[in-house]
Structure formats: C-alpha cells, structure tokens
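Visitor: Handing you a structure now.
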Amino acid sequence: MIGIDALVRQRLMMDFEKRSIKVEDALKPIKSYPGEIVVVAQLRRGQLI
C-alpha cells in the first residue's frame with residue numbers, strides 16, 4: 001500500500017500483462033506505446049486527483 005502523498009512527482013506504472021507495478025520519477029521522460037492508457041493526476045488543495 002502506497003500513500004497518496006508518496007506519489008507526488010512520481011509516476012505509477014501498472015503493467016497488467018506482466019502483473020507488475022513500478023513507481024518512477026515523473027520528471028524523466030518516457031516513451032508511449034500503442035495501447036497504453038495514460039491518466040494524469042493533479043495536486044489540488046493538498047490532494048492528488
């Protein structure tokens with residue numbers, strides 16, 4: 001279990017086929033692949049939305 005505050009400036013990568021989850025630095029650029037779904041969160045009033 002990861003607290004929401006731990007994900008600020010982090011990228012949560014979930015690979016359902018490989019059954020893996022990674023937390024990465026969101027400032028590092030990544031390549032986008034066909035079939036990927038990208039959900040961008042924003043910090044509002046101290047909450048990650």
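Visitor: Which numbered condition trips up Arg45, out of (1) modelled with pLDDT of 90 or more; (2) on the phi > 0 side of the Ramachandran plot?
Guide: So the condition that Arg45 fails would be (1).
Visitor: Scanning region 5-32 for residues that are at pLDDT 85 or above and of a type in the set (Lys, Arg), which turns out nearest to Arg44 (Cα to Cα)?
Guide: Looking at residues that are at pLDDT 85 or above and of a type in the set (Lys, Arg), I get Arg11.
Visitor: Got at least one residue in region 7-23 being assigned to a helix (DSSP H, G or I) and surrounded by 10 or more Cβ atoms within 10 Å (Cβ to Cβ)?
Guide: yes
Visitor: Does Ile37 satisfy the criteria of being among the β-branched types (Val, Ile, Thr) and out of contact with any strand residue (DSSP E or B) (no Cβ under 6 Å at 6 or more places or on another chain)?
Guide: Taking the combined requirement at face value, the residue satisfies it.
Visitor: Being in a strand (DSSP E or B) and either in contact (Cβ under 8 Å) with a residue 60 or more places away in the chain or of a type in the set (S, T, N, Q) (or both) is the filter here; which residues of region 24-47 pass it?
Guide: Hit for region 24-47 is Gln47, nothing else.
The values are calculated or read from the model by the stated rules, or taken from the named source; none is laboratory data. Quick caveat, the model's predicted, so the values are computed rather than measured. Every residue, glycine as well, gets a Cβ built from its backbone with ideal geometry; the counts of neighbours run over all protein chains shown.
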